[in-house]
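Let me begin by presenting the structure, written as structure tokens, before commenting on it.
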Amino acid sequence: MASNGSSRQLSNVQIQDPSDEEDSEMEVTERMNIRTRNKFVRGKKLGEGTYAIVYLGHDTSTTPPTPVAIKKIKLAPTSEGLSMDAIREVKYLRELHHPNIISLLSIYAHNSNLSLVLEFLPGGDLELLMKDQSLTYSTADIKSWMGMAIRGLAWCHRHFVLHRDIKPNNLLLAADGVLKLGDFGLARSFADPMRVMTNKVITLWYRPPELLYGARFYSGAVDVWSLGTVFAELILRTPLLPGQSDLGQLSLIAKALGAPSERNWPGVSALPDWVPPTEGGPEQGMDFFVGMFASVGVEGAELVRGMLRLDPKKRVTAEEALRHKWFQVEPRATHPSRLPRKEGGEEKVGRDLGRGWEEDERVRGVGRRLDFGGAL
Amino acid sequence: MSNMPPPQDKIAPEDDNDTCPVCKSTRYLNPTLSFLINNCYHRLCSSCVSRRFTLGPAPCPYPNCTLILRKNKFRRQTFASLETEREVDVRRRVARVFNKRTENFVLGMEGEERDEAMRRRRDYEERIEKVVFALLKGGEEAQWAERELEEEARDESGIRENEERARIEGAKAKNRGEVEKLKSQLNRELAEAEVRLEGEEKAELKKGRVQVLVGSRDEGEAKRVWERERKRIVREFERKRAEKEWDVLEGFQEQSRWFVVRKEVEVSWLEAWRKEAATVGGGYEVGEYFQRGLWEAFSGLGVCVEEEKGE
């Protein structure tokens, strides 16, 4: 198979006419693969995760060569083939092209390994940014990041793709300050009616109540909730709902935002894993949000509230959020090139793309490895 | 003077700053929780205050506190420690009466006579301290202190004269402070402008700052120059900012120009399912399915491969 032309080290490959290693008897697809592979030079390793290793690479077809991130997918040890994450990532990133979504530049196979060539985003991610105590940012900066994140998400939803893993370390930052949604390993397209979807998605702290209650028919509102918690976290600089378990997460939501009930959320008690809340009062109104998120003003607090409504049907959609008046009032969103940034995000890129997440306590309890029933 | 704080054996506990001792509401649930105090120095949260005292004077809710409190006398505490708060209040009250200044004692005196006057001045201060401590301690000693206060208050004209003098001095200091503040504000904004603006403008602003600062010896002049300069800088900022902002809706178009999905579309085979509670509660939107169907049907329309090839 591909062994004909691929015995040599990839990193030694120079720009050359690929024809001399192409066998005229090869299949067209094989020839294309080799041509693509030869376009990229793989450099140092940036990070490693459970299902992929991420390298810094260069696209040699341009002058000067442009840096890229090469994500080499590890094959599952049980040799069940490619992991679901990789398939999802390729499937949806091939479709989505938007300035606020990480771009998949190319794909090639090598020794029965699959490599994804992704846009190189050296700016780190929002988690890194929030954790850096020496870094300060303003409401205008938050508005800018949120604006870009919502734009990216609205684009996904407009093309009927659910991201299902929005959290600060999946909101990546490019060198020019632009924010991009990354990690489409849990994405799927909107389900057809009556088709079940798994509810074991989204990192616990950012998981909406309907998924915690086991909803199998849901919509883009799940991503909007995640982005709403990220929004709150950007303002407070501490996670809004740091739950330890599914039930703990529900009780945190009830305590902080109000207890779900048939009155404020019709249909909630019919969800498969419904348990009547024992804590929390009625759903919090504007007073609470204005008090808690005073720094973004009344309009900002209203947007936070809209994104964190308990009932997914009452939550704003990504597009409504984008047209929210908070984005039109002063202070206006900072231009991406002027946003505060953090140096040395390179390693983190590797970790983000390669999912160094098993060491990360934030994602303990997320079920991406446990349940793929009804997924994809 | 009836608003004298009553002596207290024990002042409210200070350890818990996050829970109202009366209604037990906590800062976790109500981040805007704020406490007010009155003449008895018992802490109450602002919602307890408005609930209990809006309809007129009422007794303090703390057990063993017999004071009748009025809503308009509630205030925020300045110091973290209520002991300190109370002492400062007492001192303020005493200082209103005992307001003699050094010049009241020593004016026009020389030599030994002056030394003697200075001794009297120190005795006067000693007396103030005694009165303050007696008032803080309460009981009989406080009664003595009240008498002392009354006695001292007889010299009404002397007190008023010193008050007037202090007022004039305060106003002068305030004026000086304001000019200083103005200058430092100007400096700060210009420094900020320098960081933000580049090249020529930066140099120009630097020059402007030097000019304003040189010309600012006269207060009126400083204010005028400052106002003009400030307006210019603000205008500049706004222009620059407009360039550096972006609109989140930039390039984001309305849905499709090919079709519109009505809010209410009924498809018979879906109606029963979409109304099931488990479907409703999860937030699934059947409308998005219709949207998608149409979008997929229409996608590709309006794309002209030949044209794109030409580009």
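The values are calculated or read from the model by the stated rules, or taken from the named source; none is laboratory data. Everything quoted here is computed from the prediction, not taken from an experiment. Virtual Cβ from ideal backbone geometry, glycine too; neighbours counted across all protein chains shown.
Details
- Consider the range A:112-141 and keep the residues that are touching a Gly at 6+ places or on another chain (Cβ under 9 Å), in a strand (DSSP E or B) and of a type in the set (A, V, I, L, M). The one that is surrounded by the most Cβ atoms within 10 Å (Cβ to Cβ) is A:LEU118.
- Entry remark, the range B:52-80: residues being surrounded by fewer than 12 Cβ atoms within 10 Å (Cβ to Cβ) and in contact (Cβ under 8 Å) with a residue 60 or more places away in the chain number 1 in total.
- Against the test of being within 13 Å of chain B (Cβ to nearest Cβ) and within 29 Å of A:LEU129 (Cα to Cα), the options A:VAL230, A:VAL222 yield a single qualifying residue, A:VAL222.
- B:ASN104 within 25 Å of B:ARG165 (Cβ to Cβ), touching a residue at least 40 places away in the same chain (Cβ under 8 Å) and surrounded by fewer than 17 Cβ atoms within 10 Å (Cβ to Cβ): yes
- Among the conditions (1) under 16 Å from A:PRO208 (Cβ atoms); (2) at the interface with chain B (Cβ under 9 Å from one of its Cβ atoms); (3) out of contact with any Ser or Thr (no Cβ under 9 Å at 6 or more places or on another chain), A:LEU322 misses just one, which is (1).
- Selected residue (only one of A:ALA109, A:ALA69 is of a type in the set (A, V, I, L, M), part of a strand (DSSP E or B) and over 25 Å from A:VAL161 (Cα atoms)): A:ALA109
- Residue check for A:ARG35: outside any strand (DSSP E or B) and either at pLDDT 80 or above or charged (D, E, K, R) (or both): yes
- Listed by first and then second residue, the pairs linking a residue in the range A:257-271 that is closer than 16 Å to A:MET307 by Cα and more than 9 Å from chain B (Cβ to nearest Cβ) to a residue that is buried (at least 17 other Cβ atoms within 10 Å of the Cβ) and acidic (Asp, Glu), with Cβ atoms under 6 Å apart and 6 or more places separating them unless they lie on different chains, are A:GLY258/A:GLU283; A:ASN264/A:GLU283.
- Residue that is farthest from the other protein chains (Cβ to nearest Cβ) [pool: residues in the range A:165-214 that are surrounded by 24 or more Cβ atoms within 10 Å (Cβ to Cβ) and among the basic types (Lys, Arg)]: A:LYS167
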